[in-house]
1. Does the stretch 229-268 hold any residues that are over 19 Å from THR16 (Cα atoms) and of a type in the set (A, V, I, L, M, F, W, C), and which are they?
2. Would the stretch 231-246 turn up any residue that is within 13 Å of the ligand (Cβ to nearest atom) and over 14 Å from the mean Cα position of the chain (by Cα)?
3. Return yes when ASP61 is part of a helix (DSSP H, G or I), under 17 Å from the mean Cα position of the chain (by Cα) and not polar (S, T, N, Q) and no when it is not.
4. Quick check on my filter: what residues within the stretch 182-194 are closer than 14 Å to LEU257 by Cα and part of a loop (DSSP other than H, G, I, E, B)?
5. Suppose the filter is basic (Lys, Arg) and surrounded by 18 or more Cβ atoms within 10 Å (Cβ to Cβ); does ARG200 pass it?
6. I need every pair where a residue in the stretch 105-116 that is over 16 Å from PRO190 (Cβ atoms) and in a loop (DSSP other than H, G, I, E, B) has its Cβ under 7 Å from the Cβ of a residue that is open to solvent by 10 Å² or more (accessible area, probe 1.4 Å) and among the β-branched types (Val, Ile, Thr), sequence separation at least 6 or different chains.
7. When GLN71 is evaluated against the numbered criteria (1) open to solvent by 10 Å² or more (accessible area, probe 1.4 Å); (2) in contact with a helix residue (DSSP H, G or I) (Cβ under 8 Å, 6 or more places away or on another chain); (3) within 14 Å of the ligand (Cβ to nearest atom), which criterion, by number, is the only one it fails?
8. I'm trying to understand the selection: among the residues of the stretch 224-233, which are more than 17 Å from GLY156 (Cα to Cα) and open to solvent by less than 70 Å² (accessible area, probe 1.4 Å)?
Amino acid sequence: MAPTDTVTLTPLSAHTGVEVTGVDLSKPVDGEVQARLNKAFVDHSVLVLRDQNLTPHQMLDAVKLFGEVFQQHNTKFALPECPLIHYISNQDKYEDGTRYIPGAGYHTDHSNAVAPPKATVLLAIELPSSGGDTQYVNLQEAYDGLPEETKRRIDGLKAVQVYQNSHSTRKLTGLTVAAKASVSDSVIHPIVRTHPESGRKGLYINPIRIENIIGMDNSEALPLLDELLAHATQDKYQYYHKWRVGDLAMWDNRCLLHKANADYSMDEMRYLYRVMLQGDAPY
Ligand code: SIN
């Protein structure tokens with residue numbers, strides 16, 4: 001068991017990300033360390049535990065330190081030996097034979113669920129020699145940086161979210177029949193969300209899933225959403241995670257956007273395990 005005093009926490013940027021060393025998730029973790037890690041997750045939004053050498057079953061056990069597992073939509077990416085753990089790979093193809101890079105556009109995970117996952121966790125198994133960072137956008141910092149007039153304009157607005165909206169330029173892979181049955185047709189979530197643990201407000205936008213804003217024509221809503229996205233994705237709100245094999249990174253979908261970068265040779269493999277944790281209905 002890791003004694004509390006061997007655990008180190010080092011911020012990875014001014015607003016997002018913290019590196020954790022001195023914890024081996026293949027071994028039992030005591031309650032004090034568990035509480036520190038959960039607090040660090042809420043405080044820093046991306047928790048990166050280095051040097052984790054875990055089987056899928058060990059990963060599944062480890063993430064239960066942070067919450068309950070959330071069933072991911074697309075079961076075709078489930079690992080046969082441990083189906084609650086999925087994989088991310090750069091070697092899969094769309095139905096038309098072109099390469100599929102999962103998550104290659106800004107998004108927050110499964111925001112079309114009534115209670116979307118609070119966290120997504122990836123474990124890096126094989127990585128390209130350079131590139132392939134995951135790019136995070138801190139939506140609480142972005143909200144704080146909005147002009148007061150924009151804050152007033154978006155206060156109380158609610159959006160309809162679907163699996164894939166009719167105006168998105170990003171393609172998703174088709175869902176299996178079982179997955180389709182488990183996905184809600186549409187849900188309504190606020191554009192500004194209060195974090196249930198920190199109480200901090202942040203934008204809650206998702207370019208691929210927001211179909212419309214209630215009570216607003218799309219001729220006004222889509223430019224507004226584009227404006228919010230352009231504001232939020234300024235460099236000053238971003239953190240790029242440079243992966244190392246053995247990194248277990250867990251991010252907070254309640255206050256971040258993220259995207260995968262396909263800026264490396266596709267002759268090289270990028271392969272990670274993936275699991276999500278249950279969250280609350282946004283408010
Ligand atoms: C994801 O969007 O879940 C994947 C992110 C990544 O592969 O970097």
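The values are calculated or read from the model by the stated rules, or taken from the named source; none is laboratory data. Quick caveat: nothing in here was measured; it's all calculated off a predicted structure. When we count neighbours, we look across all protein chains shown, and the Cβ atoms used for this are built from the backbone with ideal geometry, even at glycine. With ligands, DNA and RNA removed, areas are computed over all heavy atoms of the protein, side chains included. Shrake-Rupley method; radii C 1.70, N 1.55, O 1.52, S 1.80 Å.
1. Listed by number, the residues that qualify are VAL245, ALA262, MET266.
2. yes
3. Details: part of a helix (DSSP H, G or I): yes; under 17 Å from the mean Cα position of the chain (by Cα): no; not polar (S, T, N, Q): yes.
No: the conditions fail for ASP61.
4. Restricting attention to the stretch 182-194, the residues satisfying the condition of being closer than 14 Å to LEU257 by Cα are 191-193.
Within the stretch 182-194, just ILE191 meets the criteria.
5. Numbers: basic (Lys, Arg): yes; surrounded by 18 or more Cβ atoms within 10 Å (Cβ to Cβ): no.
Against the criterion (basic (Lys, Arg) and surrounded by 18 or more Cβ atoms within 10 Å (Cβ to Cβ)), ARG200 does not qualify.
6. Correct list of pairs: TYR106/THR233.
7. It is condition (3) that GLN71 fails.
8. At the first step, the residues of the stretch 224-233 found to be more than 17 Å from GLY156 (Cα to Cα) are 226-227, 229-233.
If the condition is that a residue be more than 17 Å from GLY156 (Cα to Cα) and open to solvent by less than 70 Å² (accessible area, probe 1.4 Å), then LEU229, ALA230, HIS231, ALA232, THR233 are the ones that fit.
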